[in-house]
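Q: I have a structure here, written as structure tokens, and I will follow up with some questions on it.
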Amino acid sequence: MNLKEKAAKKALSFVKNGMTLGLGTGSTTAYFVDMLGEKLKSGELSNIRGVPTSKATDEQARKWGIPIVTLGEYPKLDLAVDGADEVDPALNLIKGLGRALLREKIVEVHAQKFVVIVDDSKMVARLGMRDALPVEILPFEAEAHIHWLNSLGCRAEQWLEDDGSPAVTDNGNYLAKCWFDEGIADAYALAQELSTRPGIVEHGLFLDMATEIIIAKEDGIEILTSEE
């Protein structure tokens, strides 16, 4: 069992019968959805509902027969489980390199408990040190949004597919990647600036959202809990 699987298995211990779950997107969360499906199929868990954060997760959950519901039907989720691209010491996150950051944030803000599953390579001293910050932008005047992002002290580029075409989210929007050479100095200030700019649909800074971080290491599992 690899580290991603170990983190996913531990997250499954948070799931109880009757829960409504937010189902994240990405390679680590895919293990969790498979394990959840197996538990439901075997009868070890029952009466579980899921709100998926992407078309890919929706398809995966349906293959297992996990009942799919909406936030309109269940606006209060018992638990959301998802991965992260980076986690800082304050349990703030960069997410979205799986291209689902907007739907992830919409779903996970409705969760009473948000459990993040990672391996220890995702832990950073400062956000932006390891990976690019993904930003979802409108296709309309996309070049102008990229130009503005470059004014924020980062190197911003439009996210392109291998064939040079724009990467497109499930929402029909484009994506940008922003690299910060020294990491993000003030994630809260950057989040505020991004959230007020027309054309910037959403950003991958998930601040003060995670309640638990499950970190899989070679020598075992560590769980970090936020101070609520």
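The values are calculated or read from the model by the stated rules, or taken from the named source; none is laboratory data. Computed from a prediction, not measured in an experiment: that's the story for all the values here. Cβ atoms come from the backbone with ideal geometry, glycine included; neighbour counts cover every protein chain shown.
Q: Any idea which of (1) in contact with a helix residue (DSSP H, G or I) (Cβ under 8 Å, 6 or more places away or on another chain); (2) outside any loop (DSSP other than H, G, I, E, B); (3) under 22 Å from Ala125 (Cα atoms) is the one Ile184 doesn't satisfy?
A: All conditions pass for Ile184, except number (2).
Q: Sticking with this structure for a sec: Here are some residues: Lys177, Lys122. Which one is within 23 Å of Glu212 (Cβ to Cβ) and not β-branched (Val, Ile, Thr)?
A: Only one candidate qualifies: Lys122.
Q: I need the full set of residues from the stretch 16-36 which are within 20 Å of the chain's Cα centre (by Cα) and without any contact (Cβ under 8 Å) to a residue 40 or more places away in the chain, in order please.
A: The answer is Ala30, Tyr31, Val33, Asp34, Met35, Leu36.
Q: Any idea which of Ala100, Ala30, Ala11 is under 22 Å from Ile215 (Cβ atoms), of a type in the set (Gly, Ala, Ser) and touching a helix residue (DSSP H, G or I) at 6+ places or on another chain (Cβ under 6 Å)?
A: The match here is Ala11.
Q: Could you list all residues from the stretch 19-53 that are crowded, with 23+ Cβ neighbours inside 10 Å and in contact with a Ser or Thr (Cβ under 6 Å, 6 or more places away or on another chain)?
A: Selection gives Leu23, Gly24, Thr25, Thr53.
Q: Which of the residues that make up the stretch 121-162 are under 21 Å from the mean Cα position of the chain (by Cα), over 17 Å from Val87 (Cα atoms) and exposed (fewer than 13 other Cβ atoms within 10 Å of the Cβ)?
A: Once the filter is applied, which keeps residues that are under 21 Å from the mean Cα position of the chain (by Cα), over 17 Å from Val87 (Cα atoms) and exposed (fewer than 13 other Cβ atoms within 10 Å of the Cβ), the stretch 121-162 yields only Glu161.
Q: On to the next question. Restricting attention to the stretch 54-64, which residues are buried (at least 19 other Cβ atoms within 10 Å of the Cβ) and either in contact with a His (Cβ under 8 Å, 6 or more places away or on another chain) or aliphatic (A, V, I, L, M) (or both)?
A: If the condition is that a residue be buried (at least 19 other Cβ atoms within 10 Å of the Cβ) and either in contact with a His (Cβ under 8 Å, 6 or more places away or on another chain) or aliphatic (A, V, I, L, M) (or both), then Ala61 is the only one that fits.
Q: What are the residues in the stretch 208-228 that are part of a strand (DSSP E or B), of a type in the set (D, E, K, R) and within 19 Å of the chain's Cα centre (by Cα), if any?
A: Taking the stretch 208-228 first, the residues part of a strand (DSSP E or B) are 212-217, 220-225.
Filter once more, so that each one left must be of a type in the set (D, E, K, R): 212, 217, 222.
Selection gives Glu212 alone.
Q: Here's something else I'd like to know. Among the residues in the stretch 164-172, are any outside any strand (DSSP E or B), modelled with pLDDT under 95 and surrounded by 12 or more Cβ atoms within 10 Å (Cβ to Cβ)?
A: no
Q: Please return the ranges of strands (runs of 3 or more DSSP E) entirely within the stretch 18-107 where 2 or more residues are modelled with pLDDT under 95 and out of contact with any Lys or Arg (no Cβ under 6 Å at 6 or more places or on another chain). Talk me through it step by step, then tell me what you get.
A: Values: elements: 20-23, 49-52, 79-82.
Result: empty, no element qualifies.
Q: So, one more: Filter the stretch 6-15 down to residues that are touching a residue at least 60 places away in the same chain (Cβ under 8 Å) and either surrounded by fewer than 18 Cβ atoms within 10 Å (Cβ to Cβ) or more than 12 Å from Gly83 (Cα to Cα) (or both), then give me how many there are.
A: 4
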